[in-house]
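The values are calculated or read from the model by the stated rules, or taken from the named source; none is laboratory data. No experiment lies behind these values; they were computed from the predicted model shown. Cβ placement follows ideal geometry from the backbone for every residue including glycine, while neighbour counts extend to all protein chains displayed.
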Amino acid sequence: MLTSFDKALLNVLQTGLPISKHPFADLAEKLDSDESIVLHRLQALKRDGYIRRIGPFFDSYKLGYAGSLIALKVADGYMESVAVAINQYPGATHNYEREGRYNLWFTLLTPEPGLREQILTEIRALPGVIAMIDLVSKKKYKINVQFKLK
Amino acid sequence: MDDLDKKIIRVMQDDFPLVCEPYKEIAGHIGITEEELIGRLRRYKENGQIRKMGAVLQHREVGFSSNVLCAWIVEPERMDEVATELAKNPSVSHCYDRNTMPDWPYNIYTMIHAHSRAECNAIVDGLAKENNLSEKAMLFSIKEWKKTSMRYFCEEDMHK
């Protein structure tokens, strides 16, 4: 169970870790705590699986990558083989089976258009793939995965 | 971006050291000074290449066990206004526009996180009402086949 201190710590850490010589001491100061307690709790919270990742989260577009959301209609009996084939591509970062007419949805990030075309052609040709739509975004209104813990 | 930038970005995607001076430790692995690393990271943050320095939680472990990708049909002239409103809701983690297809007319996508499916439904109903939206597709996930963080500038490793 998360203590109230853990929740406060995770809430602060989700909004930002300072880029400074002693970032955890800076965090501790905000929480009226000290560096050794913050580090000790973070190690435990990481080990127990509460924290997915600590570090920088990059804007893929500003690093020169292009991304889109691709939806597939996959025939009965082919879901696993198609999903596993998609998972092999490092740029396919999220891949979910979903309710609805299009039943498999994945995101694809690639550093160059040629590679992207090649990957999509390969996936469209997989046995069991009935249809594919490629949904490209022009504007991102929000990317902020943050869970306020109470 | 130079080779050192790419190297820094590659290394920063590894586990962040939970020690008193983490940037000093990382700089040591890269073979540069702590000052150089901190200077470059601050630059990436300022120019938006780093959109957030911090933590992302495992949402199931912290109690957000339900999520839905909700796709909306918004009149083109209202897209900016409506998407900006949808994005303000704290339960919405992602809000993007996307192109439509002949059999798929949805143009705004929101990812919504909540404690239960019922709560997801209530949030979506609220968003629909507040923004006067009638057409939507709620794409609840059935199975997570993959969820990873992108490894940038590792293409060479991938082909080894």
For this session: Select from region A:1-19 the residues that are surrounded by fewer than 17 Cβ atoms within 10 Å (Cβ to Cβ) and within 7 Å of another protein chain (Cβ to nearest Cβ) and write down the one among them that is nearest to residue A:147 (Cα to Cα).
Result: A:15
Exercise. In region A:18-47, how many are part of a helix (DSSP H, G or I), closer than 22 Å to residue B:51 by Cβ and in contact with a strand residue (DSSP E or B) (Cβ under 8 Å, 6 or more places away or on another chain)?
Worked result: 2
Exercise. Can you find a residue in region B:68-77 that is β-branched (Val, Ile, Thr), under 15 Å from residue B:139 (Cβ atoms) and buried (at least 20 other Cβ atoms within 10 Å of the Cβ)?
Worked result: yes
Exercise. Which of the residues spanning region B:134-143 are part of a loop (DSSP other than H, G, I, E, B) and either in contact with a His (Cβ under 6 Å, 6 or more places away or on another chain) or closer than 20 Å to residue A:102 by Cβ (or both)?
Worked result: B:135
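For (1) small (Gly, Ala, Ser); (2) outside any helix (DSSP H, G or I); (3) in the same structural domain as residue A:107 (by TED's automatic domain parsing), each residue gets a yes or a no:
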| position | (1), (2), (3) |
| --- | --- |
| A:69 | no, yes, yes |
| A:72 | no, yes, yes |
| A:81 | yes, no, yes |
| A:84 | no, no, yes |
| A:93 | no, yes, yes |
Problem set entry | Which numbered condition residue A:53 misses (of (1) assigned to a strand (DSSP E or B); (2) at pLDDT 95 or above) | (2)
Problem set entry | Which numbered condition residue A:42 misses (of (1) modelled with pLDDT of 95 or more; (2) under 25 Å from residue B:143 (Cβ atoms)) | (2)
Exercise. Which of the residues that make up region B:79-135 are within 21 Å of the chain's Cα centre (by Cα), within 21 Å of residue A:132 (Cα to Cα) and not aliphatic (A, V, I, L, M)?
Worked result: B:96, B:97, B:98, B:99, B:106, B:107, B:109, B:110
Problem set entry | Residue in region A:103-126 that is buried (at least 19 other Cβ atoms within 10 Å of the Cβ), facing chain B (nearest Cβ under 10 Å), outside any strand (DSSP E or B) and within 21 Å of the chain's Cα centre (by Cα) present | yes
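Any residue that is touching a residue at least 60 places away in the same chain (Cβ under 8 Å), surrounded by 15 or more Cβ atoms within 10 Å (Cβ to Cβ) and within 28 Å of residue A:43 (Cα to Cα) - is there at least one of those in region B:79-93? Talk me through it step by step, then tell me what you get.
Step one: filter region B:79-93 for residues touching a residue at least 60 places away in the same chain (Cβ under 8 Å), giving none.
The answer is no; no qualifying residue exists.
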Exercise. Mind checking which residues of region A:92-150 are within 24 Å of residue B:102 (Cβ to Cβ), among the hydroxyl-bearing types (Ser, Thr, Tyr) and in contact with a Gly (Cβ under 8 Å, 6 or more places away or on another chain)?
Worked result: A:107, A:137
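Could you tell me whether residue A:32 is surrounded by fewer than 19 Cβ atoms within 10 Å (Cβ to Cβ), over 23 Å from the mean Cα position of the chain (by Cα), at positive phi and not assigned by TED's automatic domain parsing to the domain that holds residue A:109? Working first, answer last.
On the way: surrounded by fewer than 19 Cβ atoms within 10 Å (Cβ to Cβ): yes; over 23 Å from the mean Cα position of the chain (by Cα): yes; at positive phi: yes; not assigned by TED's automatic domain parsing to the domain that holds residue A:109: yes.
When the stated conditions are applied, residue A:32 passes them.
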Problem set entry | Matching option when the condition is surrounded by fewer than 20 Cβ atoms within 10 Å (Cβ to Cβ) and facing chain A (nearest Cβ under 7 Å), among B:59, B:29 | B:59
Seminar exercise, completed: Condition set polar (S, T, N, Q) and within 7 Å of chain B (Cβ to nearest Cβ), scope region A:21-63, selection nearest to residue B:34 (Cα to Cα): answer is A:43
